[in-house]
Amino acid sequence: MSDKKNVLVVENLSYSYKNGDHEQKILDNINAEFKSGKVYAIVGESGSGKTTLLSLISALDKLQSGDIKFNNKSLKKISGQEFRLKYVNIVFQSYNLIKYMTAAENVQVASDFDGRKTDPNIYLKKVGITEDEGKRLVNKLSGGQQQRVAIARALASASPIIMADEPTGNLDEETEEKIIEIFKDLAHKENKIVIIVTHSRQVADKADKILTLRRGKLS
Amino acid sequence: MMANLVLAAFIIKSAVSAQMDYAKSTLGGTVSIQADMETIRETQKSELSEGNDPREMFKSMSRPSVSVETANKIISTHTDYIRDYSYVVSASANANNLETVETKGFSGKGNNFPGMNFPDELSSDSSDASLDADITIAGFNAYAYIDGVENETITLKDGTYFDEDATDSALISYEFSELNSLKVGDEFTLKNVYSETEITLTVIGIYDTSESRADANIIYMNTSTAAKFLSASDYNDGNYSVENVKFYMLNSDNAEEFVEKINADFSELSENNLKVTVDTSEYDNISSSIESVSSFADTILIIVIIASIIIITLIVTINVKDRRYEIGVLMSLGADKKNVIGQIATELLLVGTFGFLLASVTGTALAGVLSDHILETQVASSAEQSEKNFGRPGAGVGNMPGGSSNNSRKNQASKTTDMPEMPNSPSDLLKNRNETNVELDLNAKPEDYLLLFLTGYLVIILALILPSVSIMRYQPKEILAGKE
Ligand SMILES: Nc1ncnc2c1ncn2[C@@H]1O[C@H](COP(=O)(O)OP(=O)(O)O)[C@@H](O)[C@H]1O
Ligand SMILES: [Mg+2]
């Protein structure tokens, strides 16, 4: 990939959900910097706001206060759709696969609209899904296999930022190792910004940098 | 299915406009010699004011008849206008020693000439001699022109048809034949009521009529034979008078021109208070039924288009709802909403195109079924109307005087079982004629297909509006969160 140094900056980011009449502050004035070529792990208790932070960085949620900048370009200046298409790819906690498509089609689907033609089997193979399994509908695959298909879909993307929400939650230790290696390769060999949300200490320890989210603060 | 109906409607529409032109050229082009009622009324008024007896006035008036020479002259000098013609000769005869069928008594003998809608007072047979007449002589150019044949109340029971070449051949009723034990090929003699001359006729056919009040004493024959029963003055040394003269135009556009020319060139018409006029009644009947098919097609078209838009909108909305999650995922991966809508539109247009192609095949058949149904009811009602005015013009039957008589009547005759097989069966001609008059050309034209596809795509695009608006409102986070 490119040798260019990409940088994602989170500035004074605050976020709160309105639950009825009271506001629940999830993120409180967060500052962080993510650089290409590195794997970041975000850890935190369940409900601490890790997914919310990922949603904001991937422009799935609108910013309330503060800013997110990619290479000094504010997320406010471009549409969320364009940001997702060009810069960021997410592996969702809930996989978000299209259940009436095969594994291969799910991997293919992202590259369909960003205009690149890719062979999904290359990426499926990386995450340990055989070509045969790739021809099956995703809801005929196990939870762990589905998670790996979701990761393969992210691998197939050309985005400089890869984010993963609990990507190893359903995987056995051996597969987990493999997946971590893939993410590390993405950062180290392909010069991407890799952000992994996890509650697994083992996964976090393999990252280049660990950030902890606690009571709305990131440290 | 929808596309089917749309195409059917388009085919009907375009067939209608083609048929209107065709109808104009075939039906509008009937020119007939009629009494110039305006002039007659003018004369009556002035004569009445002079204190004349109106009854005497009626008697002195003649039916709108012209000499056969004039008629033939009009025909032979205007072959570039006239495609066909017909006229009748009406007379009476003395039954001589034959029995006559007792009439069911509604009309005086000898005066109920078929197809004449003139009051008895106007009849030229007003001399005393006709009172002795028991037989009505009806002379037509050919069997096919007999009114009963045209409105299908008369059928041929035995024998065959007569035409202009069938000299001294007569078509008699079944009752008359039974009463006098006459069979096909037999000869019988009638007397001219004026000169008492005996005229021998050969039975060429025996007819049966479904009309209960019909006079069984009507004997049909060709015009030249019928003329022999006229009075010496009416016979006029062979230049006898003919009535109900009709000319069928080659091209109806020329009808007016023809009328003007005839009225100017043949002064003997106006001398007898006659004039030629364009008879548009048949055309009006047919064209109104064709127009109703067209407006029916319009209605179908509008209903179908609106229904299509609603149904396709519903289908697409349901489809989009079903694929909400997929759309959310695609959007979370960076898919543009416009791309998503475009994708759905592409799928729909592909399915649509397939559907239109299918409809192109089946729509023609549907158009046939629909328009047949409408025309059936329409033609039935217009036929009822035209029964009130006698003497419907026949198109395409008959021949020119002196022309090769049989060739023009040749037709791909479809045989009917109760008819003797004849190469030029007039009844078959009539059947074909009635069908072609009201049959629409339902072969779809390229414009129909073009219109179908354009409308189809327009319907799809319109049907996409609502689902597209709902897609534009989609928030990927909410969709995905809803699934968690
Ligand atoms: N759409 C939402 N509306 C209201 N509250 C929400 C919504 N999404 C998450 N929350 C709340 O925000 C907090 C953080 O959620 P989340 O970011 O999913 O935490 P984590 O991923 O760290 O477990 C939780 O308390 C959760 O209940
Ligand atoms: Mg979470």
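The values are calculated or read from the model by the stated rules, or taken from the named source; none is laboratory data. Keep in mind that what you see is a predicted model, and the values were worked out from it rather than measured. With ideal geometry, Cβ positions are generated from the backbone for all residues, glycine too; neighbour counts draw on all protein chains shown. Remember, those area values only see protein heavy atoms, side chains included, never the ligands or the DNA or RNA. Shrake-Rupley method; radii C 1.70, N 1.55, O 1.52, S 1.80 Å.
Going by the conditions given, is A:Leu141 surrounded by fewer than 23 Cβ atoms within 10 Å (Cβ to Cβ), of a type in the set (A, V, I, L, M, F, W, C) and more than 12 Å from chain B (Cβ to nearest Cβ)? Step through it out loud before you land on a result.
Numbers: surrounded by fewer than 23 Cβ atoms within 10 Å (Cβ to Cβ): yes; of a type in the set (A, V, I, L, M, F, W, C): yes; more than 12 Å from chain B (Cβ to nearest Cβ): yes.
It is true that A:Leu141 is surrounded by fewer than 23 Cβ atoms within 10 Å (Cβ to Cβ), of a type in the set (A, V, I, L, M, F, W, C) and more than 12 Å from chain B (Cβ to nearest Cβ).
Does B:Ile471 qualify as being out of contact with any His (no Cβ under 9 Å at 6 or more places or on another chain), modelled with pLDDT of 50 or more and away from chain A (no Cβ under 14 Å)?
Details: out of contact with any His (no Cβ under 9 Å at 6 or more places or on another chain): yes; modelled with pLDDT of 50 or more: yes; away from chain A (no Cβ under 14 Å): no.
Considered against the rule, which asks whether it is out of contact with any His (no Cβ under 9 Å at 6 or more places or on another chain), modelled with pLDDT of 50 or more and away from chain A (no Cβ under 14 Å), B:Ile471 comes out as no.
Just checking: which of the strands (runs of 3 or more DSSP E) contained wholly in region B:159-262 hold 3 or more residues that are open to solvent by less than 50 Å² (accessible area, probe 1.4 Å) and without any contact (Cβ under 8 Å) to a residue 60 or more places away in the chain? It would help to see each step written out before you state the result.
Values: elements: B:169-173, B:187-192, B:198-209, B:218-222, B:241-249.
Output list reads B:169-173, B:198-209.
Out of all the residues in region A:32-55, which are of a type outside the set (Gly, Ala, Ser) and within 13 Å of ligand 2 (Cβ to nearest atom)?
Step one: list which residues in region A:32-55 are of a type outside the set (Gly, Ala, Ser), which gives A:33-35, A:38-40, A:42-43, A:45, A:50-54.
Those that are of a type outside the set (Gly, Ala, Ser) and within 13 Å of ligand 2 (Cβ to nearest atom): A:Ile42, A:Val43, A:Glu45, A:Lys50, A:Thr51, A:Thr52, A:Leu53, A:Leu54.
Of these, A:Ser58, A:Ser46, which one is hydroxyl-bearing (Ser, Thr, Tyr), within 16 Å of ligand 1 (Cβ to nearest atom) and open to solvent by 20 Å² or more (accessible area, probe 1.4 Å)?
Numbers: A:Ser58 fails: open to solvent by 20 Å² or more (accessible area, probe 1.4 Å).
Going through A:Ser58, A:Ser46 in turn, the sole match is A:Ser46.
From the list A:Ile195, A:Ile210, which one is within 16 Å of ligand 1 (Cβ to nearest atom), at pLDDT 90 or above and open to solvent by 10 Å² or more (accessible area, probe 1.4 Å)? Write out each step before concluding.
Working: A:Ile195 fails: open to solvent by 10 Å² or more (accessible area, probe 1.4 Å).
Only one candidate qualifies: A:Ile210.
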Qualifying residue in region A:84-93 (condition: away from ligand 2 (no atom under 16 Å from the Cβ), aliphatic (A, V, I, L, M) and either more than 15 Å from the chain's Cα centre (by Cα) or open to solvent by 80 Å² or more (accessible area, probe 1.4 Å) (or both)): no
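Looking only at region A:25-36, count every residue that is more than 10 Å from ligand 1 (Cβ to nearest atom) and either hydrophobic (A, V, I, L, M, F, W, C) or open to solvent by less than 20 Å² (accessible area, probe 1.4 Å) (or both) and tell me the total. Before the answer, list the steps.
Going through region A:25-36, the residues more than 10 Å from ligand 1 (Cβ to nearest atom) turn out to be A:28-36.
Okay, now just the ones that are also either hydrophobic (A, V, I, L, M, F, W, C) or open to solvent by less than 20 Å² (accessible area, probe 1.4 Å) (or both), so A:30, A:32, A:34, A:36.
Residues meeting the conditions: 4.
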